[in-house]
Amino acid sequence: MRNTIGSLRTWFREHPLIPDVIFGGALAAVSVPFAHVAHAFGDPARLREPDAMGLGLIVAGCLSVALRGHRPFLMLFLVCVAEVTLASTGRNPSLLWLVALVLVYTIASRRGLALSLCAPALALAGHLLSSAAGGRLGEWNGHLLMVVFTVSLWIAGRNALLRRAYQAELRDRARRMERVREADTRAARAEERSRIARELHDVVAHHVSVMTVQAAAARRVLAGNPEGAREALSAIEELGRTAMAEMRSMVGVLRTEGALVERSPQPGVREIPALVDQMREAGLRTQLCIEDERATPETAGAAEVAGTVRTAGAAGTAGTAGTVRTLPPGVDLAAYRLVQEALTNSLRHAGPQARAWVRVRHEPGELAIQVEDDGLGPRARAEDGEATGHGLAGIRERVALYGGLLRIGPRDGGGFEVNARFPLKDT
């Protein structure tokens, strides 16, 4: 039942002429007998008996309500003319004053302020003229009621107009907010896709590069050194499992919505020594140095509690000791990925006899990361297309995300270097 009423209301709202015609017909149906009743109980000397002309003007004035949606001000003027004409010829205007009030409300609720102010003035002027023509000018009570009704309906019409404007503004604002929310959602999705693509590139590029180098080494020593080939194949197997585990972790987060996902911690600066060891096993002679210029004799004990690591060096190269401080998670992951990508590029492009140096320095207010190699330099990278690859672009995005400074380019004395500085807030 409720759905039927709602559908009927919607249909009438889409076809406003039909309810206006019905309303006008109802007014005409009431006005015609009211004219006879007014003549029967009125003064016969002053009022003429309703005839075809009088009833025709009354019916035409009532049916003018049907066109109030298109020409309300013109209809009000015609109703006032009909009302004055009937009064001046001694006929009863019947309910044309009510039709005039309906048109005043219509103009006030659908037209601008200037035109709407003219509507009550015209209606009251028509009422006074008809009263003067019919000899009823001294009926002050009737005139006062007419003024009150006219002003009340005009105020009601203006309130209806303002309410519709307010509701339209709310709907427009809701649509704008919906568009903004959709745009924000699309931007967030694009940013998340970019982040996931960057993470996958870092994981896959590093592990696949190391696996490729290990496979090439295994192929070269397969005939002469089966034990070395077996070790290389074992390393490839371990790297493949690690890469698959990290990829499963990322894909698992994407597939799970609203649920808690068991994930291993993201790698950080503490995992850089293991990364360096991995690169050394792949054949890149790498030396790691972790320095902390903020350490003081009073904080040395606390630094040792935080964790002391020994840098990995190439065979015959002494490592130096350093401490790993707690970093913000985002900076921690960005620093690890930067070292991972830089060492992967060195492994792929620096050449078989190249060496690499990794320096992690905790300075007051910032973290400095420097990765250098003495290999073939940027020419090999340009030939392989790395200068425009996703790896270096990912490094730039990570450093820029945390407001850091980055330098990527050839190294003095040959080779290549990646130098980054991340701002930190000391506590």
Among Cys80, Leu103, Met146, which residue has its Cα positioned farthest towards the positive end of the charge dipole of region 50-172, with +1 placed on the Cβ of Lys and Arg, -1 on the Cβ of Asp and Glu, and the dipole taken about the Cα centre? Leu103
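Going by average Cβ density within 10 Å per residue, which order do the peptides 127-136, 232-241 take, highest to lowest?
Working: 127-136: 18.0, 232-241: 16.3.
Going by the mean number of other Cβ atoms within 10 Å, highest first, we get 127-136, 232-241.
Nearest 0.05, what FRET efficiency do His70 and Ala183 give at R0 = 51 Å with Cβ-Cβ as r? Don't skip to the end; give the middle numbers.
Working: r = 40 Å, r/R0 = 0.78.
So, using R0 = 51 Å, E works out to roughly 0.80.
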Gain on full stretching of the segment that runs from Ala60 to Ile18 - 0.36 nm per residue minus C-alpha separation: 13.4 nm
So for R0 = 35 Å, FRET eff. of Tyr166-Ala29 from the Cβ-Cβ r, to 0.05, ends up at 0.45
Pairwise label distance in nanometres, Ala52 with Cys289, each label 7 Å out on the Cα-Cβ vector: 11.9 nm
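What full-extension length gain, to one decimal in nm, is calculated for Ala121 and Leu233 as 0.36 nm per residue of separation minus the Cα-Cα distance?
On the way: separation 112, 0.36 × 112 = 40.32 nm, distance 9.91 nm.
Using 0.36 nm per residue and subtracting the Cα-Cα distance, I get 30.4 nm.
Just so you know, all these numbers are worked out from the coordinates, no wet-lab data involved. Note that the structure is predicted; figures quoted are calculated from it, not measured. Quick reminder, even Gly has a Cβ in these numbers, built from the backbone with ideal geometry, and neighbours come from all protein chains shown.
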